[in-house]
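Trainee: This structure is in structure tokens; I'll ask about it shortly.
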Amino acid sequence: MRWPIGLLCWMAIPSAFAQTAITPGRPASPAKASHAAQATRASAPAVPAQPEAISVTTSRRALNGGGGMMRIETAPRATQTVDKQYIEMRSPTSNALDLIQTLPSVNVSQPDAYGMEGGQIQTRGLTDLDMGLMLDGAPAAAAKYLSENIDSENLEEVSLTPGSAATSLPVMSAAAGVMQETSHTPDRVAGGMVDFSYGTNNLSREFIRLESGEIGASGVRGFVSFSNTHTRSWMGSGINDRKHIDFGLQKDWANGSFAKVFISWNNENFVIDNYPTESAFLLYKHTGQGYGRSDDPANANYWKNNNDHWNQVFLTAPIHIALPARLSVDLQPYFSYGTGYDASPLDPVTASDGTTRNLIGYFNQIGTRQVGVTTRLNWQPDAHNTVSAGYWYENTYTLQGYPQSYALPGGGAPNPLNPAFSYDLGDRQDAGYEIHALFVEDTAKYLRDRLTIHAGFKFVMSNTWNRDYYGRQSANRTEPLPQLQIGYQINDQNQVYLNVEGDYRQPSQVDLGWLYTDVPIPKNQYSIKEELGWRYHNAWFMIDASFFNYNVTNRIVDQYVGMNNYSPFSIGNQQMRGFDFMIAGRSIHGVSPYASVEYLHATQDSNVFDPYQNVMLRSAGTQAIMAPHVMANFGLSYVWKGFFSNASVHYTGPQSVSVAGDQRMPGYVTDTLSLGYHFAPIGFMKAPTFKLNFTNLTGAIVRTGAMGAIYSRNDTSTVWSGSQPSATGYGNAFMVTPRFTMMGTVSTTF
């Protein structure tokens, strides 16, 4: 907690001095203070000496509205945050995508009810593949695998900066801004937390966190947690399992230095969903005929032939060192490593013994590694400026193969490395990139800190490469990334700001792994963004409004190629402009309302060649793909004594889902509800709590997002959908909101 300077000074003054009137801004002389103190003692009646007691209280609710769905922000850029109060009301299976889905800038799509398969984000005409997804300042897993990073119980807050990325952040894809997750701060007192959940689709989940408290006199404190989740697919057959460990350590020094370590391990096996074409979805909507996986081992679409198996380790260790002469150093190393495979059925084949056997194809990610570090030297030359200079290095690599195996005798995909079932070893491919970046920035504050000016510049040098059976290709590229942010605090209630910056995106190593070397590596995407904002808050409510304009060149989009993977292609230039608006009420008799809206006008500025139909698409001037004109949210929280509740409704308008603009998805509405009660402490249980979480209360059958970009609805072989074992159908494939779900959780701290 940050203590007000005036309060700290007051606490440090002896009780006699505390009774002396001091003119604000002018310290009293020792002689005058002493004289005033003597006069006070002479005139005051004698009282028995008593020990002095000082009580200081604060509340995080003073900084938020809407029950934690909105927070007061002061940074000179658009920032949208949900905090711990809101997170604690949501389901323990929530990942960051669940938690940000009511923010004005985003449309979130998820294929399962409990977040195990991650999902997708659309923001201001861009997607999560254009975003920096961070955990404690380090690059985290893609949105499709976001649940691999951290359990929701260990999240302090989730913050979105839709139009900006800090100059010092290690991001190579920030055209759509940054989503930042902040991990749990270890408690200073030993204890812990435990919760148990059960819900529809046979969900069962167990979580426990143990807190060490201060370890001896070292000042070090830490925590470790474990969760186990088991559920079945909401449509069709299939079982999903996830085991997860989080571990954190932190030490703070009196001079402001600190060191923190966060490590997570994730192991999961889940069914790779079918994603329906428009015709398959409409058949389900109107007749109830689903498109889920089969429970018949003889069927090529058997659920055990369609599974994702993944192991991952993630580590980040931010360090801040305060030095003499107004210097400080920030160091942040990070590392992640994962291995596993995705399985998908192929056409049956005739084996050497004359029998027909189901064949399994794999995306076998033998290993993917990301390692990097940022270093930053900070200097305060005067009372107004903080100057920083730094260096960012990152090396990312993936080795992947595409083997084929016979299905197991009882059905199911064997380990692709099992020689007893091997059919074809397939090709191997490796790809990666190495980044060197230099940056400098200055944050200046004037007019009693009411005016903030931040200027930064980062110069990125990257070497990208891709190698397969046919050859090797590489590209050396540079990107200049300027940034200027100006914020002015008009008074205690009003703030305005301006943000202008350049951001870029280069294909990830996994993206590159799906490109043959006879296809050129796409040029880096580059964005020039302007943003103008206004904030207001008083004792009753808070408002945040921002207007934005983006110009994007060499726009990179991603086509879904099956097995939860994507292949990039370029669609030329794009322009997006619009505004975000948020309003939230402070708690009044326990009631805290919230509402937000975004209007977006996004257009495709280039004609695009469609290689499937061998035609030039007249796409210039059409609505940009996956860029709905309107998104809106409404939320309401209520707290009374131990009872708490939150309800939210989200609307996304119609949108184009093809570059040609010839396939569209209608608008839709989703909803959630949370109800719970905090009981009085019972024995060792400090805060026993029971809560219920509901999603899709109306049982709506709606599409919530396209699986990726396509050229035209007339293109074939662009989707993996339906009961057929290989790519069939026309047009795009879609994520569909899961049916009504209910989940109950009992929890307590101890």
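Trainee: Could you tell me what a quarter of the Cα convex hull surface of the stretch 605-651 works out to, in nm² with one decimal place?
Mentor: That works out to 5.6 nm², a quarter of the Cα hull's surface.
Trainee: DSSP loop (so not H, G, I, E, B), at most 14 other Cβ within 10 Å: list which chymotrypsin sites (Phe, Trp or Tyr not before Pro) in the stretch 242-305 pass both filters.
Mentor: Trp253
Trainee: Now, a different point. DSSP loop trypsin sites (Lys or Arg not before Pro) in the stretch 137-228 with at most 16 other Cβ atoms within 10 Å of their Cβ, which ones?
Mentor: Passing sites in the stretch 137-228 are Arg188.
Trainee: Would you mind putting 742-748, 88-94 in packing order, based on average other-beta-carbon counts within 10 Å, highest first?
Mentor: Going by the mean number of other Cβ atoms within 10 Å, highest first, we get 88-94, 742-748.
Trainee: While we're here: So, counting K/R as plus one and D/E as minus one, what does the shell of residues with Cβ under 10 Å around Ile528 add up to?
Mentor: Taking every other residue near Ile528 into account, the sum is -2.
Trainee: Which percent of the accessible heavy-atom area of the chain goes to carbon and sulfur, probe 1.4 angstrom?
Mentor: Answer for the chain is 61 percent, counting heavy atoms of protein chains only.
Trainee: In sequence order, what are the phi-derived ³J(HN,Hα) couplings for the stretch 618-629 according to the Karplus relation 6.51 cos²θ - 1.76 cosθ + 1.60 with θ = phi - 60°, rounded to whole Hz, with x for glycine and proline?
Mentor: Using θ = phi - 60°, the values come out as 7, 8, 4, x, 7, 4, 4, 5, 6, 9, x, 5 Hz.
Trainee: Straight-line reach from Lys686: which lysines fall under 30 Å, measuring Cα to Cα and dropping same-chain residues less than 8 apart?
Mentor: Lys84, Lys243, Lys251, Lys260, Lys641
Trainee: Let me ask you something else. At 0.36 nm per residue, minus the direct Cα-Cα distance, what do Ile215 and Phe247 gain on full extension? Give it in nm, one decimal, please.
Mentor: 10.0 nm
Trainee: Give me the percent of Cα-Cα pairs in the stretch 187-329 that sit more than 22 Å apart, rounded to a whole number.
Mentor: 60
Trainee: What number do you get for the chain when its Cα radius of gyration is normalised by 2.2 N^0.38 Å, N = residues?
Mentor: That works out to 1.02 for the chain.
Trainee: Can you tell me how the stretch 81-150 classifies by the Cα gyration tensor, rounded, prolate or oblate, using a/c under 1.5 as the rounded cut?
Mentor: It is rounded, given that a/c, with a ≥ b ≥ c, falls under 1.5.
Trainee: Okay, moving on. Over 19 Å, how big is the tail of the calculated P(r) for the stretch 505-637, in percent of all Cα pairs?
Mentor: Summing the P(r) of the stretch 505-637 above 19 Å gives 64 percent of all pairs.
Trainee: Further question: Go through the stretch 206-220 residue by residue and turn each phi into a ³J(HN,Hα) via Karplus (6.51, -1.76, 1.60, θ = phi - 60°); whole Hz please, and just put x for glycine and proline.
Mentor: 10, 9, 9, 10, 10, 9, 7, x, 4, 8, x, 9, 6, x, 8
Trainee: Counting other C-beta atoms within 10 Å, and keeping those with at most 15, which DSSP coil trypsin sites (Lys or Arg not before Pro) do you find in the stretch 431-508?
Mentor: Hits after loop and neighbour filter: Arg448, Arg450.
Trainee: Quick one: which residues, 5+ away or cross-chain, put their amide H under 5 Å from the amide H of Ala175? H built at 1.01 Å from N.
Mentor: Close amide H contacts, sequence-distant or interchain: Tyr504.
Trainee: Please give the contour-minus-distance gain from Val591 to Tyr516: 0.36 nm per residue of separation, less the Cα-Cα distance, rounded to one decimal in nm.
Mentor: Here the segment from Val591 to Tyr516 would lengthen by 21.3 nm.
Trainee: Once you sort the root eigenvalues of the Cα gyration tensor of the stretch 175-248 as a ≥ b ≥ c, which label holds: rounded (a/c under 1.5), prolate (a/b larger than b/c) or oblate (the other case)?
Mentor: oblate
Trainee: At what distance in nm do the modelled label points of Asp295 and Phe643 sit from each other, each positioned 7 Å from its Cα along Cα→Cβ?
Mentor: Going by the 7 Å Cα→Cβ label model, 4.0 nm.
Trainee: Label-point separation (nm) for Ala420 and Phe547, each offset 7 Å from Cα along Cα-to-Cβ?
Mentor: Simple spin-label model gives 6.9 nm for this pair.
Trainee: Which peptide among 537-546, 677-686 comes first, and what is the full order, when sorted by highest mean count of other Cβ atoms within 10 Å?
Mentor: For the peptides 537-546, 677-686, the packing ranking is 537-546, 677-686.
Trainee: Sorted by mean Cβ packing within 10 Å, highest first, what order do the peptides 315-322, 574-581 take?
Mentor: Ranking the peptides 315-322, 574-581 by packing returns 574-581, 315-322.
Trainee: Expected output is a single nm value to one decimal: the length gained when fully extending between Leu532 and Arg450, i.e. 0.36 nm times separation in residues minus the C-alpha distance. What is it?
Mentor: 27.8 nm
Trainee: Okay, moving on. Can you give me the C-alpha center-to-center distance between the stretch 155-203 and the stretch 421-496, rounded to a whole angstrom?
Mentor: 20
Trainee: Can you give me the Cα centroid spacing of the stretch 549-626 and the stretch 253-332 in angstrom?
Mentor: When both Cα centres are located, 23 Å separates them.
Trainee: Which far-off residues, 5 or more places away or on another chain, put their amide H under 5 Å from the one on Ala78, with H placed in the peptide plane?
Mentor: Gly163
Trainee: Per residue, what volume in Å³ does the Cα convex hull of the stretch 254-360 take up?
Mentor: 200
Trainee: How much accessible area per residue does the chain have, counting only protein heavy atoms and a probe of 1.4 Å, in square angstrom?
Mentor: 42
Trainee: Turning to a different aspect of this structure: Give a residue-ordered list of calculated ³J(HN,Hα) values for the stretch 465-471 (Karplus: 6.51 cos²θ - 1.76 cosθ + 1.60, θ = phi - 60°; whole Hz; x for Gly, Pro).
Mentor: 8, 8, 9, 9, 4, 8, x
Trainee: What nm value, rounded to one decimal, do you get for the distance between Leu697 and His286 when each label is placed 7 Å out toward the C-beta?
Mentor: If labels sit at Leu697 and His286, their model points lie 3.1 nm apart.
The values are calculated or read from the model by the stated rules, or taken from the named source; none is laboratory data. This structure is a prediction, so every number in the text was calculated from the model and none was measured. So basically every Cβ, Gly included, is an ideal-geometry build from the backbone, and we count neighbours across all protein chains shown. Calculation scope for accessible area: heavy atoms of the full protein, side chains included, ligands and nucleic acids excluded. Shrake-Rupley method; radii C 1.70, N 1.55, O 1.52, S 1.80 Å.
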